[in-house]
Amino acid sequence: MLITLQLVMSLSLLILLHELGHFLPARLFKIRVEKFYLFFDPWFSLIKKKVKDTEYGIGWLPLGGYVKISGMIDESMDKEQMAQPAQPWEFRSKPAWQRLIVMVGGVVMNIIVGIVIYAMILAIWGRDVMPVENAKYGVHVSQTMKNIGFQDGDVILKMNGETPESFQDVSKAFLVDEVHQATVNRNGQLVDIAIPADIAQQLVDANEFPPFSLRLPCVIDTIIPASNAANGGLLAGDSILGVADVNSIYFQDIRTALQNHKNETVEIRVARNGQHIPLQVAVSDQGTIGFNPASDMEQFGVKTIHYSVFAAIPAGARIAWETVADYVSNLKYIFSKKGATQVGGFASFAKLFPEKWDWARFWERTALISLILAFMNILPVPALDGGHVIFLIWEMITGKAVSQKILERAQLVGMVLILGLLLWGNGLDIYRAIAGK
């Protein structure tokens with residue numbers, strides 16, 4: 001429920017700001033805006049109020065929002081209005097450069113919002129950075145990365161001969177950058193590993209992202225009351241040393257071992273006050289026993305970089321640029337057979353948010369979605385802002401407006417494409433939920 005609430009809050013805010021990006025320049029150029037809506041309102045609306053020439057409201061269909069601008073072919077497909085002579089207050093009566101500003105206003109607003117939110121995050125919470133060499137227990141490695149030579153426990157030091165800015169950048173680099181060599185510290189020895197050119201596609205095909213996770217000792221922070229862990233005698237502060245036939249002090253290994261013993265009672269060995277104690281603990285059908293691991297990141301030398309308001313603005317702009325660049329780089333994998341199955345709908349967006357309320361994470365995810373919306377809307381697809389922009393640029397170059405009939409057909413084709421994509425993404429979400437994937 002909390003995840004859904006965060007998604008609704010985030011999308012509602014971004015939709016309103018995106019439409020405001022169209023609304024403000026339209027009013028600046030004295031173009032009449034007939035409607036300003038959060039969500040769509042076919043047949044009826046939940047709330048509406050007319051102020052001067054504009055009806056403001058909230059629709060019942062939560063698939064976006066819109067502003068209805070007089071004299072413009074949009075999702076309303078109001079052909080009756082377009083058949084009348086153009087009026088001075090209509091969109092079609094204004095110079096092409098003014099119409100272009102109105103159309104890009106939503107995208108510009110989303111970009112500004114993304115930059116402002118990132119700057120706000122840096123100014124308020126700062127940025128946590130952990131040097132790669134501080135991952136003293138090394139990393140857990142996905143199977144694809146093991147196949148090319150990485151091992152659990154490797155400490156990744158360099159990629160293409162350069163030290164990453166932080167550990168957080170390591171996994172991302174293998175997906176968005178062309179990494180052809182990595183250097184790791186393996187039991188005190190430096191080892192170079194050649195990286196195949198198609199490693200990113202391999203990771204996408206295997207659905208292995210991130211390919212690396214930080215290796216952490218499995219120390220119990222809290223025990224869930226009345227859980228199997230509590231009934232089995234585990235206590236907060238215990239360090240788990242192994243499960244059944246698996247001997248490991250690391251959380252990822254312990255979690256995998258528990259997953260392999262669902263609905264069984266297994267021996268769990270713990271270290272407590274200098275003693276090694278074996279306990280018999282039942283594992284649930286979910287492969288869990290009911291404890292939360294400790295995560296003391298201070299031991300890894302994680303430091304928070306704080307920014308002044310003035311320093312946060314350019315830093316926020318840089319993060320926004322890198323976010324968009326990474327997103328664009330990842331898009332090429334959608335067109336692969338496996339990548340097409342990774343497309344998601346609203347449920348996938350919801351998974352971006354944490355299960356517990358965290359303002360910093362909420363705003364960071366909102367900034368990400370804002371930039372994704374900006375990029376998606378500027379694509380040259382009919383019915384999206386980018387489709388309108390293409391027609392306007394054509395008009396400015398040739399001096400001849402595209403006919404209303406072509407605009408109507410293009411709008412219809414674009415709406416069908418967008419609806420098809422929505423159905424595909426949300427359909428995959430439903431399939432994954434049913435299949436438990």
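Here, each number is a calculation from the coordinates, and none is a lab measurement. Values in this document were obtained by computation on a predicted structure and should not be read as measured data. FYI the Cβ positions are ideal-geometry reconstructions off the backbone, even for glycines, and counts take in every protein chain you see.
Starting at the first residue of region 408-413, write each ³J(HN,Hα) from the Karplus equation 6.51 cos²θ - 1.76 cosθ + 1.60 with θ = phi - 60°, in whole Hz, x for Gly and Pro.
Using θ = phi - 60°, the values come out as 5, 5, 5, 4, 5, 4 Hz.
Given a Förster distance of 25 Å, report the FRET efficiency between Arg272 and Asn292 from their Cβ-Cβ distance, rounded to the nearest 0.05.
For Arg272 and Asn292, the calculated efficiency is 0.90.
Could you tell me the relative contact order of the chain? Use alpha-carbon pairs under 8 Å, at least six residues apart, and round to a whole percent.
Working: 737 pairs, mean separation 75.0, N = 437.
Over the chain, the number comes to 17 percent.
Can you flag which of Lys68/Lys351; Lys146/Lys351; Lys146/Lys172 are past 25 Å Cα-Cα?
Working: Lys68/Lys351 32 Å; Lys146/Lys351 27 Å; Lys146/Lys172 17 Å.
Among Lys68/Lys351; Lys146/Lys351; Lys146/Lys172, the Cα-Cα distance tops 25 Å for Lys68/Lys351; Lys146/Lys351.
Please build a GNM for the chain, connecting alpha carbons under 10 Å apart, and tell me which residue among Ala367, Ala135, Ala271 fluctuates the most.
The residue that fluctuates most here is Ala271.
Under the rule a/c < 1.5 gives rounded, and otherwise a/b versus b/c splits prolate from oblate, where does the chain land using the Cα gyration tensor?
Prolate is the answer for the chain, as a/c is 1.5 or above and a/b outweighs b/c.
Which residue, Asn207, Ala119, Trp60, has the largest displacement toward the positive end of the dipole of the chain when charges sit on each Cβ (Lys, Arg +1; Asp, Glu -1)?
Among Asn207, Ala119, Trp60, the one farthest towards the positive end of the dipole of the chain is Trp60.
Taking H as built 1.01 Å from N, whose amide H comes closer than 5 Å to the amide H of Lys35, not counting residues under 5 places away?
Glu55, Lys68
Once a ≥ b ≥ c are taken as the square roots of the eigenvalues of the Cα gyration tensor of region 220-294, is the result rounded (a/c under 1.5), prolate (a/b larger than b/c) or oblate (a/b not larger than b/c)? List each step's numbers first, then the result.
Values: a/c = 1.45, a/b = 1.15, b/c = 1.26.
Cα axes put region 220-294 in the rounded bin.
Given the options Pro164, Pro42, Pro25, state which has the largest fluctuation in a GNM of the chain using a 10 Å cut-off (strictly under) for Cα springs.
Of Pro164, Pro42, Pro25, the most mobile in the Gaussian network model is Pro42.
When the dipole is taken about the Cα centre of the chain, and only Lys, Arg (+1) and Asp, Glu (-1) are charged at their Cβ, what size is it in debye, to the nearest 20? Don't skip to the end; give the middle numbers.
Details: 38 positive and 41 negative charges, 283 e Å.
I would put it at about 1360 debye.
Given contacts defined as C-alpha pairs under 8 Å and at least six residues apart, what's the relative contact order of region 146-274, whole-number percent?
Working: 164 pairs, mean separation 22.0, N = 129.
Worked out over region 146-274, it gives 17 percent.
Name the residue, out of Glu267, Glu364, Glu19, whose mean-square fluctuation peaks in a Gaussian network model built on the chain with Cα pairs under 10 Å.
So, out of Glu267, Glu364, Glu19, the one fluctuating most is Glu267.
Tell me, what ³J(HN,Hα) does each residue in region 250-260 have, in order and in whole Hz, if you take phi through Karplus 6.51 cos²θ - 1.76 cosθ + 1.60 with θ = phi - 60° and put x for Gly and Pro?
9, 4, 4, 5, 5, 4, 5, 4, 5, 4, 7
Distances longer than 19 Å among the Cα atoms of region 132-214: what percent of all pairs is that?
Numbers: 868 of 3403 pairs.
Cα-Cα pairs in region 132-214 separated by more than 19 Å: 26 percent.
Using +1 at the C-beta of Lys and Arg and -1 at the C-beta of Asp and Glu, which of Ser171, Thr4, Ala282 has the Cα lying farthest in the positive direction of the dipole of the chain?
So the residue we want is Thr4.
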